[in-house]
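Coordinate-derived values only; no laboratory data. Predicted model, so just to flag it, every value in this text is computed and none were measured. Note: ideal-geometry Cβ built from the backbone for every residue, glycine included; neighbour counts use all protein chains shown.
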Amino acid sequence: MSGNKVLKGVFLVGLGATSYGMLATFVKLAYQENYTTAEVTSSQFILGIIGILIINAFQKSKNKGTVVKATKKNIAQLMLAGTSLGMTSVFYYLAVKYIPVSIGIVLLMQTVWMGVLLEMFIDKKLPSLQKVISVIIVLGGTALATNIFKNEIQLDWRGLMWGMLAAASFTTTMFTANSVATGISPAQRSLYMLLGGAVIVFGFGIFTQTTPYNFGIFLKWGIVLSLFGTIIPPMLMNAGFPHTGIGLGSIVSSLELPVSVMMAFVILNETVVLTQWIGILLIILAIIIMNISFKKKN
């Protein structure tokens, strides 16, 4: 029975990670139709909030009002944590505007070593040798995956900058999401984090949208972006992680990287050379090393 639960968890987390991996390709396709970053992010968050509100209402009706309600403190904490979620979306979507999706997702995966650094400052102790080795492998894999040793791919510095900022913001999101108001339902947590992220997204839109807002984005790409970015992945991962545990769940969630690159390669016809695939495999290897236990059982 326990094995079946783990298998179910692996399936849910894997499906959630796969959904996330598709997201940047859809954003790139929206850009090709001249939609702006503000239109893409705002439509995603607005429809995402509506979707999560419907899920919350359904759960409340199904459980006949027995769902644990978030306190004012919970709501404030989650909305504050959600601002980093909004910044991640804005920064990441700005990044893929200037660089290939296959490079953007690699930059986002720098959360591996950024997370180790953040943990070191919070816990005030040096990381284990296992984590140090993982960080070195990630950096080596990144060098190969971004193809910096060859001039086959010209990278815009703006894309690199936004990509690294997205990784830093995503690192903050991961830490806060796993520690803030964990006693309430995943749907409620997702809702309030989305509301916090929406503040950033709407603020960004107000200051950057210089052309008339194209409401066609809601029907053309908004529904797809909200489903694959703000509704399906968080719900699936929140349901799957309790069965897999953080270690196995993190390994399975690394599926996002090859899925994102494969989508860009197949749908966007982006160039992905052999050395980049090797770099991607190294990053996945680093995530596996960081999350498996080498301790011998007594």
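Translational diffusion of the chain was estimated from the Stokes-Einstein equation, with Rh taken as the Kirkwood radius over Cα pairs; at 37 °C and 0.692 mPa s the coefficient is 166 µm²/s. For the pair the stretch 56-104 and the stretch 217-252, the centres of their Cα atoms are 11 angstrom apart.
Within the shell defined by Cβ-Cβ distances under 14 Å, the residues around Asn34 carry a net charge of +1, with Lys and Arg each +1 and Asp and Glu each -1. Annotation: peptides 27-36, 220-229, ranked by per-residue average of other Cβ atoms within 10 Å with the highest first, follow the order 220-229, 27-36. Here the relative contact order of the stretch 88-238, from alpha carbon pairs under 8 Å that lie six or more residues apart, stands at 35 percent. Measuring against 29 Å, Cα to Cα, the residue pairs Lys97/Lys220; Lys73/Lys131; Lys28/Lys125; Lys8/Lys124; Lys8/Lys69; Lys8/Lys97 contain Lys73/Lys131; Lys28/Lys125; Lys8/Lys124; Lys8/Lys97 as the ones spanning a longer distance. Of the DSSP H helices in the chain, those that are both long (alpha-carbon extent of 18 Å or more along the helix axis) and hydrophobic (Kyte-Doolittle mean at least 0.0) are 2-32, 37-62, 72-98, 129-145, 157-177, 186-208, 232-253, 274-291.
Our summary gives the stretch 30-165 a relative contact order of 33 percent, counting only alpha carbon pairs under 8 angstrom and 6 or more residues apart.
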